[in-house]
Each structure stands twice: as structure tokens, then as C-alpha cells.
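This report concerns only the one structure given below.
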Amino acid sequence: MFEELTNGDSFIHGLDPRGKLIVVFLFSIVVAAANRFQVLLGSLAIGLLIVLAAKVPARELIKRLIPVNMLILFLWLFLPFTFGGEPLFFMGSLAVTREGVFYATRISIKSNAMMLMLIALVASTPIFSMGHAMHQLKIPKNIVHLFFFTYRYIHAIYREYLRLKNSIKIRGFIPKTDLHTYKTFAYMVGMLLVRSFDRAHRVHNAMLCRGFKGDLYSLKKFSFKTNDIVSIIFMMAMIVIMGVMEWARII
Amino acid sequence: MGPNHLILNLEDICFNYTGGPKVLADLDLQLFKGDRIGLMGPNGSGKTTLFQIIMGLLKPSSGSIEIYNTPCKTEKDFIDVRKKIGLLFQDADDQLFSPTVLEDVAFGPLNLGKSRDEAMEISLNTLNFLGLSGFEDRITYKLSGGEKKLVSLATVLAMEPEVLLLDEPTSGLDEKTKITLKNVLSGLDLSYLIISHEIDFLSEITDHIYTMENGKILFDQEVHAHQHVHAHPHGAYKHKHD
């Protein structure tokens with residue numbers, strides 16, 4: 001899944017994951033709250049810059065941006081028509097409003113800017129390090145564990161799904177629009193849930209057998225180096241400038 | 001052997017899953033230091049349940065468990081048991097949960113309070129011992145079935161247990177990996193209890209083979225080496241000659 005990318009050796013890969021997490025978090029808050037196009041375009045530029053610095057291959061980048069933009073495409077189908085305001089032009093009897101178009105554009109830019117930052121973060125940080133960084137940043141243990149195990153077992157559940165899918169396929173199942181199909185899919189989802197629950201139980205048991213007391217320890221030591229400090233100061237400055245531009249309405 | 005060598009003493013253990021029939025019925029089992037025991041029995045005869053009861057993962061409905069002459073009843077009692085007894089699960093995917101092999105093997109030692117460096121050293125040595133050097137940074141879910149099994153064994157051995165409980169360690173393994181496993185087990189100075197359906201495998205690495213039936217253990221099958229001078233269908237299975 002993501003591991004293929006975390007073996008890179010860019011400047012961003014070498015940074016302390018704690019710093020990266022804080023920066024992405026603050027960046028996302030400012031971008032989510034911002035409304036002015038100057039600020040939003042700025043954030044998109046920063047996102048692109050970071051992704052370039054993390055040397056994320058273009059193909060992988062596009063692959064990860066497609067799902068978000070599919071969702072945004074749906075917004076474009078509805079928002080320009082349903083948002084009240086001054087009509088720009090008419091498509092048949094439907095009015096496309098200025099406000100609607102602006103709103104959809106804002107959402108598109110915001111989502112893509114945030115996704116670029118997140119992709120750079122995930123692509124440059126091994127999941128285990130990320131979990132430990134979250135832990136050290138005092139994010140509640142349960143959330144960290146949830147994050148960590150979801151990541152680990154998504155693969156196992158996916159394989160279970162493939163096995164189930166094959167087993168119904170070899171018995172001649174062809175999905176149609178009928179009750180039999182719905183029932184089969186319902187059974188499959190139910191089976192996956194039950195099996196995942198059982199597996200969670202067994203994994204927990206296996207962990208207890210190895211002395212698990214609710215803590216995950218990391219083999220890696222984190223330490224802020226000059227690179228980290230410089231990058232954090234730089235990014236913080238960017239975020240503050242964006243904030244000031246937004247709320248003081250400079251430029 | 002005297003009581004000092006008695007590791008495990010189960011008496012009159014009964015167990016049933018909620019609403020189900022009795023899986024274990026007045027089961028007795030003793031394990032002494034140095035014992036190497038194989039456990040056979042039909043599917044659903046309670047072998048895995050027995051292991052889970054020994055580890056304190058399931059609570060028996062009646063009966064007593066003594067491990068190293070200490071009665072074990074509560075979860076707290078079993079925390080110490082788990083430091084001395086290592087359980088290898090049937091499905092390696094249940095055992096391996098960390099993204100990389102090294103982190104998974106080091107998980108146990110870290111829980112036992114070892115420092116990072118010690119845990120790292122123990123893990124690397126264990127991997128080395130199992131012929132898995134170079135596997136440290138491999139992604140656990142991308143390993144092959146045999147590799148997963150050996151890495152799971154490494155995670156258990158890294159805790160330096162005195163007793164091993166192995167639940168069908170050979171299932172799904174090819175001949176080559178089975179031989180590796182055999183060599184590893186016979187080279188260990190540990191007591192162990194192995195569940196398996198493979199009589200050949202058990203007879204090579206254990207001294208006694210017990211059978212489980214109707215929730216009880218039958219202790220009558222001692223392993224005798226005998227030479228085969230003929231071949232016939234199913235010759236690999238245990239049989240008697242006149």
C-alpha cells in the first residue's frame with residue numbers, strides 16, 4: 001500500500017514525524033477555515049512544493065488524488081445549481097450561480113491542498129513511526145491503537161474478502177439485480193464482520209501471551225535536529241502568513 | 001521426577017463454551033521439565049482450547065491449574081505464566097501484527113521491560129538462530145506462509161520461554177520448512193507440547209504422544225522407532241506389524 005513510498009530518501013523523509021504531524025494538522029485547520037482565493041491558492045502552492053520536495057512519483061500522486069476529486073466532481077454537479085445567488089448563465093431552466101461556482105472552486109482547492117500535504121506526510125513516514133509520533137504527542141492511546149491496527153489488518157480483511165469472493169465465484173455466482181444477489185452480498189459483509197471480530201479477539205490473545213499491557217514501544221528514537229527546527233519554523237511562518245492574509249485581509 | 005520439576009499440573013479441568021457441550025471433561029495433565037510431548041486428536045476435540053486454558057486466555061468452569069507450583073486463577077496470575085510459557089498460534093496472521101519483522105519480534109522483549117538496545121539484540125539473535133537474518137525490515141503481511149510461521153516462532157522464542165506450546169506448527173508448511181522447524185525444535189533445550197496431525201513429525205521430535213478424545217487425554221502412546229522395509233499405501237501413518 002504505502003510502504004513502497006516510505007523507502008525514499010528525500011529531505012522530507014528524514015524529518016521527525018512529530019514535526020510533520022503538527023505542521024500538517026495546523027496547515028489543515030487554517031486551510032479549512034480560509035475563504036479568500038489568495039490564501040487558498042497559496043496553500044495549494046505550498047502543498048505542491050512539499051509533495052515535490054518529498055519526491056512522490058507523479059503516478060502515485062495522481063492515483064491518490066483521483067478518489068478525492070471524484071467526490072468533488074459530484075459537488076460540481078450539484079453545488080453551482082443549488083447554491084442561492086446571482087445567476088451567471090442558464091443551462092436549460094437551471095441557473096448556475098456565481099456563489100455556487102465560487103463555493104465549489106473553494107472546496108476543490110481546499111481538498112486538494114490538504115490531500116497534497118497528507119500524501120507527502122504518509123508517503124514520507126512509515127506507519128509505525130507515525131503511530132509512535134502520535135503517541136508521543138499525547139494523542140489518546142485508543143486512537144493511536146485504532147489507527148495502527150486498522151492499518152495492519154485492512155490487508156488481512158481484504159484478503160479474507162478476496163477468498164470469500166472467489167468461493168462464491170467458483171460456485172457460479174453472477175451478481176444480478178435480484179434478492180439472491182442482495183442476500184449473498186449481505187452474507188458476505190456479515191461474514192467479514194464476524195471474521196474480523198474473531199480475528200481481533202485472537203490477535204488480542206496473542207498479544208496478551210507476549211506480555212502486552214496496553215503500551216506499544218518503539219525501536220526508533222525521535223530527536224529534533226537542526227533540519228527539523230528549520231523546517232518547522234519555515235512551515236509555521238507560512239501558516240501564520242496564510243492566517244494573517246485571511247483574517248487581516250492584507251493583499 | 002520430583003515436584004521441583006513439575007511445570008504444569010492440571011487437575012479435573014472442565015470447560016464448555018457458553019451454551020455448548022463440554023469440550024474438556026475432567027481433564028488431567030502434567031508436564032515436567034524436559035518433557036517433549038505430542039498431542040493428537042480429532043478436530044474439535046479441545047486441543048486448542050486446552051492451550052488457551054493453560055495460557056489463561058479461557059477460564060475453566062472447574063478444576064485447578066498449577067504452574068510452577070503456583071495456583072493460577074486470576075488474570076494477574078497468568079501474566080507471570082506468559083513470561084515463562086510461549087504459545088505459537090495456529091494462524092501466523094494472528095500473531096504478527098507489527099508492520100516489520102524486527103518490530104514484531106521485539107514486541108515481547110519490550111513488554112518484558114528490556115531496553116530498546118537489548119530487545120533489538122535479542123530479536124536479531126533469534127532471527128539469526130532461525131536462519132532468518134536479513135528479514136528484519138521485511139513487511140510481515142507480505143511474507144510467505146512458511147516465513148510467517150518461522151517469524152511467529154521467533155516472536156515467541158524472543159521472550160526466552162521455558163516451555164513452548166505449539167498449535168499445529170506444520171500446517172501449511174512445505175517439506176523444507178518442516179525440516180527447518182524440526183531442526184530448530186530438536187536443538188532447543190526447552191520443554192514443549194505440540195498439537196499436530198502429523199504422526200511422522202511428532203514421532204521425530206517428541207518422546208511421548210498423547211491422544212485427546214471426548215475432552216480427556218489418553219496417555220498410552222509411547223514413541224517407538226521402527227524401521228520400514230516396505231512401501232504400501234498410507235505407509236506414512238502409524239501402523240503395527242506382526
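Rule-based calculations on the coordinates, nothing more; no lab input. For clarity, every value in this text was computed on a predicted model and none was experimentally measured. Cβ placement follows ideal geometry from the backbone for every residue including glycine, while neighbour counts extend to all protein chains displayed.
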Cα-based reach from B:K148 at 12 Å (exclusive), listing aspartates and glutamates while leaving out same-chain residues under 8 positions away: B:D91, B:D93, B:D94, B:D104
Determine the calculated [θ] at 222 nm for the protein assembly as shown from helices alone, applying -39500 (n - 2.57) to every DSSP H run no shorter than 4 residues and normalising by the residue count; nearest 500 deg cm²/dmol. -17500 deg cm²/dmol
How big is the Cα convex hull of region B:110-161 in projection, averaged over all directions, in nm²? 3.6 nm²
Of all alpha-carbon pairs in region A:106-232, indicate the percentage at a distance above 18 angstrom. 71 percent
In chain A, helical segments from DSSP H whose Cα atoms cover 18 Å or more along their own axis and that average at least -1.0 on the Kyte-Doolittle scale are A:17-33, A:37-53, A:58-82, A:98-124, A:141-169, A:179-209, A:226-248
Which of A:M130, A:M236 has the fewest other C-beta atoms within 10 Å, and how do the rest follow up to the most? A:M236, A:M130
Under 19 Å Cα-Cα from A:K165, which lysines qualify once same-chain neighbours fewer than 8 residues away are excluded? A:K176, A:K183
What list of whole percents do you get for P(r) of chain B, with Cα-Cα distances grouped in 10 Å bins up to the one holding the largest distance? 7, 30, 35, 22, 6, 1
State the extension gain, in nm to one decimal, for the chain segment bounded by A:L162 and A:V101, taking 0.36 nm per residue of separation less the distance between their alpha-carbons. 17.8 nm
Taking N as its residue count, the alpha carbon Rg of the protein assembly as shown over 2.2 N^0.38 Å: 1.26
Shape box of region B:97-196 [Cα atoms, principal axes, largest first, Å]: 35, 30, 20
Can you give the FRET efficiency for B:E75 and B:K176, using 1/(1 + (r/R0)^6), R0 = 56 Å, r = Cβ-Cβ distance, to the nearest 0.05? 0.90
P(r) for region A:1-153: what percent of alpha-carbon pairs falls in each 5 Å bin, starting at zero? 2, 9, 15, 17, 17, 14, 10, 7, 5, 4, 1, 0
Flagged links, alpha-carbon separation over 23 Å, of A:K213/B:K33; B:K22/B:K59; A:K63/A:K141; A:K221/B:K149; B:K76/B:K114: A:K213/B:K33; A:K63/A:K141; A:K221/B:K149
What does the charge count near A:I107 come to, summing +1 for each Lys or Arg and -1 for each Asp or Glu among other residues with Cβ under 15 Å from its Cβ? +2
Under a cut-off of 17 Å between alpha-carbon atoms, report the aspartates and glutamates in cross-link reach of A:K110, not counting same-chain residues fewer than 8 places apart. A:E99, A:E246
Could you give the length gained on full extension between A:K55 and A:A32, defined as 0.36 nm per residue of separation minus the Cα-Cα distance, in nm? 5.8 nm
In nm, the gap between the two label points placed 7 Å beyond Cα toward Cβ at A:F147 and B:R116 is 1.9 nm
Starting from the Cα of B:K22, step 7 Å toward the Cβ, then list every residue of region B:29-58 with an amide N under 17 Å from that point. B:29, B:45-47, B:49-50
Which order results if A:H155, A:H135, A:H180 are arranged by neighbouring Cβ count within 10 Å, fewest first? A:H180, A:H155, A:H135
One quarter of the convex hull surface, Cα atoms only: what value does that give for region B:78-155 in nm²? 5.0 nm²
